[in-house]
Structure formats: C-alpha cells, structure tokens
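Since the structure comes first, as structure tokens, the remarks are kept for the end.
The values are calculated or read from the model by the stated rules, or taken from the named source; none is laboratory data. Quantities reported herein were computed from a predicted structural model and do not represent experimental measurements. Please note: Cβ atoms are built from the backbone with ideal geometry, for glycine as well, and neighbour counts cover all protein chains shown. Surface accessibility is based on the protein's heavy atoms, side chains included, excluding ligands, DNA and RNA. Shrake-Rupley method; radii C 1.70, N 1.55, O 1.52, S 1.80 Å.
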Amino acid sequence: MAESNDKTDVMEAIISLCKRRGFIFQGSEIYGGLAGTWDYGPLGVALKNNIKNLWWRRFVDGRHDMFGVDAAILMNQNVWKASGHVSGFSDPLVECSKCKHRFRADQLAEAGKCPDCGGKVGEQKQFNMMFQTHVGAVQDESSISYLRPETAQGMFVNFKNILDTQHPRLPFGLAQIGKAFRNEIAPRDFLFRAREFEQMEIEYFVNPKEWEKSFEHFQQESKDFMADVGLDGSKVHELEVADGDRAHYSKRTIDFEFDFPFGRKELSGLAYRTDFDLKQHSESSKVDLSYYDEESKERFIPHCIEPSFGLDRMLLAVLTDAYKEDDLGGEKRTYLKLSPNVAPYKVAVFPLLRNKPVLVERAQQIFKAIKKEIPATTFDDNGNIGKRYRRQDEIGTPFCVTIDFDTIEKNPPAGGGVTVRDRDTGKQERVGEAELLDFLKQKVV
Ligand code: GAP
C-alpha cells in the first residue's frame with residue numbers, strides 16, 4: 001500500500017512541477033479543462049523539440065534512405081475505410097446500468113461491476129475511437145472526415161508521390177512527426193493516454209524477402225534512440241506481442257515497455273505491417289502502388305516495417321526517469337536529472353548579486369557570448385543565488401555559471417574566471433573566462 005501511495009505521490013509531484021515551472025498545463029484550464037488534452041508551456045515545448053530533433057537527426061538527417069513528409073491531418077474518409085480503421089479501430093465499451101458511467105471493458109477491476117457505484121454493467125459494445133467531423137458546409141455521409149488516429153496513413157497514401165519525385169530504391173522509408181487523435185474512453189496517467197498527442201513514425205519499405213533484417217535494424221535503432229534521450233536502459237523492456245494481441249495489420253510486433261511510476265507500460269512499438277496498407281490502398285483507390293525492382297526485374301508491392309513512437313509518452317518517460325529528490329548541503333531538494341541532449345536549458349548564467357551593476361553587466365556580456373554558441377542558455381537574476389540554483393535544478397539545467405567579485409577584481413592566473421556548478425553533485429569549480437566556452441561546449445553540445 002505504501003508503495004502505491006509513493007507512486008501516486010511521485011506522479012502528483014511531477015505534474016505539479018510541470019505546472020509550476022511552465023512545462024505542461026491542463027488543456028483549456030481556465031474553463032475547468034478538457035479531459036485528455038494538455039498544453040505545453042515554454043519549457044515543455046523546448047523539451048519536446050529537443051526530443052523531436054534527436055529523433056529527426058537519427059532517423060532522417062543521419063541516413064541516406066529516409067524521406068521526411070508532413071501530410072494533412074484531415075484525409076479522405078476512404079483512407080480510413082481502406083486501412084480498416086472505420087470498421088475496426090475500436091475499444092470494448094460497457095455502460096453501468098445504474099449511474100450510466102462508461103468504462104473500457106478490459107480495464108474493470110472487477111468484471112461486470114461498475115467501479116464508481118458498484119452497479120451492474122451492461123453488455124459490451126465496440127466504440128470507435130476516431131473523432132469524426134464534416135468537411136465543408138454540407139453535413140451528410142459524403143462529407144465525413146476524421147482526425148487521423150495515426151500519422152502512418154499520411155505516408156502510405158504518399159508512397160507513389162515519393163517514388164515518382166525522389167526515385168528511391170528499396171529499402172527506403174518515409175518519416176513523419178505530427179498530431180494524432182483518439183477518443184480514448186478513459187484518458188489517464190497524465191500524458192500517457194491522451195486524446196490528442198503527437199507521434200513520430202517511420203514506414204520503411206522493403207523487399208518482402210528481407211523484412212527480418214530491417215526489423216532487427218530498427219529494433220536496435222529504437223533502443224539507441226531511447227539512449228539518445230537519456231532513458232535508463234534498465235527500465236526499457238521488449239515484449240514480443242503474441243498472435244491474437246497484435247493490430248489487424250501486423251505479422252510481428254515488439255512493444256518497447258518502460259517502467260513508469262504507475263507500472264510497466266507500452267512506450268513505443270515496432271511492427272511488421274507486411275504489404276497490408278499499400279495493398280488495401282491500391283485496391284481501394286485503383287492506383288497502382290507497386291514497385292519495379294530494376295535488378296531482379298520483378299514488380300511487387302513492398303512490405304513495411306514501422307517503428308512508431310509516441311512523442312508525449314517518450315517525454316513522460318524522460319520526465320519520470322529524470323525526477324529525483326535528494327539532500328544537498330543538509331537541504332531537501334528536487335531536481336530533474338535530464339540529459340544535456342534534452343534539457344530545455346543547457347546553461348544558466350547569473351550575477352552573484354542582482355543589485356551590483358558591475359556584476360550584472362559582466363554577467364550579461366558572458367551570457368551573450370555563451371548564447372551565441374549554445375542557444376539554449378538562459379539568464380537569471382531573480383531572487384537570491386540559492387533560489388536560482390533550486391529553480392534551475394527543478395527544470396533540469398545541467399550547468400549554472402556565476403559571475404562574482406573575483407571575476408571582476410582578480411586577473412588570471414591568480415584569480416578571475418567564473419564558477420560553474422554541476423546540477424547533479426552541486427559541486428562548483430572555477431573556470432577561466434578564456435576556457436569557459438570550450439568547457440561548456442564539451443559537456444553539453
Ligand atoms: N501507426 C501505429 C500506431 O499508431 P499504436 O501502438 O496504436 O501504433 C503508437 O501507437 C504509439 O503512439 C504508442 O506506442 C504510444 O507511444 C503512442 N500512443 C498511442 N495512443 C496514445 C495515447 N492515447 N496517448 C498518448 N500516446 C499514445
């Protein structure tokens with residue numbers, strides 16, 4: 001019991017830190033919120049962009065066989081008919097006969113019993129999770145569209161455009177980062193299960209004879225990406241998804257699970273989607289989506305390997321992994337042990353005292369020089385130095401540079417320089433001004 005309380009406390013502490021420091025707010029907060037939606041503030045955006053950029057660097061810019069796309073969220077309804085989402089993208093729903101509350105049937109603590117009032121729940125129905133809307137002024141069957149529940153289909157329907165414009169040879173992939181929407185019956189656990197979220201997905205097209213090689217390649221790449229964002233590898237686990245539990249399009253799926261404070265849960269997925277999607281779209285649109293292999297003189301529909309990452313879920317894993325409480329100098333403190341790769345700010349620069357113009361001026365000069373080379377650098381002269389350190393610890397800034405009287409009054413080699421404080425140990429070392437930029441760049445760039 002104590003353990004589960006601790007876990008709830010940790011999540012509450014993280015959600016509260018996120019709000020207090022401007023990472024993440026409840027969506028539509030001043031109107032009482034909208035369940036399953038979250039708004040990112042300045043530090044949350046910075047953290048999210050850093051994760052996105054690492055992903056793009058590893059999977060797109062760092063390779064020769066990947067093409068970026070950014071497809072529209074709204075698509076022709078036939079896309080979702082062909083992909084199987086209109087008929088099959090649903091969760092099992094039950095309604096309490098007494099209080100009328102609705103639940104996911106597979107998440108009831110006690111089968112058949114309402115967790116809110118103890119009443120008997122009715123028969124299970126399938127609830128389609130796509131948000132439906134109408135495009136244009138007429139609201140009838142023909143104007144139905146959906147907010148996409150996965151970014152993947154935007155890549156399948158552009159397969160021919162990429163073939164015709166980029167002329168790639170197999171194997172090659174399309175990569176996309178963008179919003180996805182699911183009308184989850186029970187959004188929960190902060191960013192973990194939201195109704196609006198972002199995905200980072202790859203559809204990697206291969207000759208069916210060689211799918212295993214690419215599958216294994218992306219299995220390793222997925223783990224390497226998790227190391228890029230600084231996740232503790234011992235909290236990441238691979239789960240071979242059994243026959244019958246996989247999505248309708250997949251012949252093999254590995255879920256990467258993570259030890260969140262609320263349990264071991266899916267973080268990202270890797271699926272072998274075969275030729276399911278291209279075949280469906282080819283048949284449904286009557287557009288040929290086959291590929292001609294110059295070497296073997298064969299024409300076939302390529303098969304697809306799909307590494308799929310939830311960006312917000314990845315960010316939540318990073319936050320929960322980084323959240324630490326310890327004692328420093330006899331005081332309890334909270335800090336985010338974020339990798340410099342993802343920390344919103346890599347460096348913070350302070351004058352020791354805010355009411356000494358000579359210190360402030362010099363600190364600003366040094367700040368500007370660092371910021372030119374390390375853009376994610378911030379200046380802070382609010383409150384006393386102790387408060388500034390606490391604030392920077394809480395937002396995960398790895399290094400704080402303080403300009404004090406020695407910086408001004410003494411000259412090297414006897415004095416001068418600034419102090420650089422390490423977030424994790426709280427230790428400070430004196431670094432000469434001439435060496436400062438190289439010192440910091442070595443640690444954070
Ligand atoms: N294109 C394949 C696909 O969408 P998925 O397993 O349904 O597969 C991929 O979703 C990833 O998207 C998940 O591993 C998770 O990281 C993220 N995701 C899915 N539903 C989510 C939700 N309701 N809230 C936040 N992230 C979600």
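Points worth noting:
- For segment 235-280, the spread of Cα positions along each principal axis, largest first, Å: 41, 18, 14
- Bridge type composition, segment 345-445 - antiparallel percent by DSSP, nearest 5: 50 percent
- Between segment 165-228 and segment 268-293, the alpha-carbon center distance in angstrom: 16 Å
- Annotation: D288 carries an accessible surface of approximately 90 Å², with a 1.4 Å probe and no ligand, DNA or RNA atoms counted.
- Considering helices alone, the calculated mean residue ellipticity of the chain at 222 nm is -9500 deg cm²/dmol, with DSSP H runs of length four and up weighted by -39500 (n - 2.57) and normalised per residue.
- FRET efficiency for A434 and K356, using Cβ-Cβ distance with R0 set to 22 Å, rounded to 0.05: 0.40
- Apportionment of accessible area to carbon and sulfur, the chain, percent (1.4 Å): 48 percent
- Computed about the Cα centre, the dipole magnitude for segment 1-122 is approximately 180 debye when only Lys and Arg (+1) and Asp and Glu (-1) carry charge, each at its Cβ.
- Full-extension gain in nm, N384 to R264, via 0.36 nm per residue minus C-alpha separation: 39.1 nm
- Inter-site label distance for C99 and Y31 at 7 Å from Cα along Cβ, in nm: 2.6 nm
- Mean-square fluctuations from a GNM of the chain, with a 10 angstrom spring cutoff on Cα atoms, peak among F405, F156, F256 at F405.
- Separation of the Q139 and C117 label points, Cα + 7 Å toward Cβ, nm: 3.0 nm
- Rolling a 1.4 Å probe across the protein heavy atoms gives segment 345-444 an accessible surface of 50 Å² per residue.
- Spin-label zone in segment 300-338 - amide nitrogen under 13 Å from a point set 7 Å from the Cα of D9 along the C-beta vector: 325-326
- Solvent-accessible surface (1.4 angstrom probe) belonging to E394, in square angstrom, nearest 10: 20 Å²
- The figure for Y249 is an accessible area of roughly 40 square angstrom, using a 1.4 Å probe on the protein chains alone.
- Segment T334..N76, full-extension length gain: 88.0 nm, with 0.36 nm per residue of separation and the alpha-carbon distance subtracted.
- Reachable aspartates and glutamates from K332, criterion Cα separation under 20 angstrom, eight or more residues apart if same chain: D6, D9, E12, D321, D393, E394, D422, D424
- All C-alpha pair distances within segment 159-239, sorted into 5 Å bins from zero, spread as 3, 10, 15, 16, 19, 17, 11, 6, 2 percent across the bins.
- Against the rule of thumb 2.2 N^0.38 Å, how large the Cα Rg of the chain comes out: 1.15
- Here the extension length gained between K371 and Q442 equals 24.1 nm, from 0.36 nm per residue of separation less the Cα-Cα distance.
- Entries of K209/K265; K113/K235; K265/K387; K100/K125 with Cα pairs more than 25 Å apart: K209/K265; K113/K235; K265/K387
- Most mobile of F127, F67, F59 in a GNM of the chain (Cα contacts under 10 Å): F127
- Where segment 222-310 is the region considered: accessible area per residue in Å², 1.4 Å probe: 46 Å²
- Tail fraction, Cα-Cα pairs, segment 345-444, threshold 20 Å, whole percent: 29 percent
- By the Cα gyration tensor, segment 206-303 has an equivalent ellipsoid whose semi-axes, rounded to whole angstrom, run 32, 16, 11 from largest to smallest.
- With each label modelled as a point 7 angstrom along the Cα→C-beta vector, the E295-R58 pair spans 2.7 nm.
- Cysteines in the chain lacking a second Cys C-beta under 4.7 Å: C18, C304, C400
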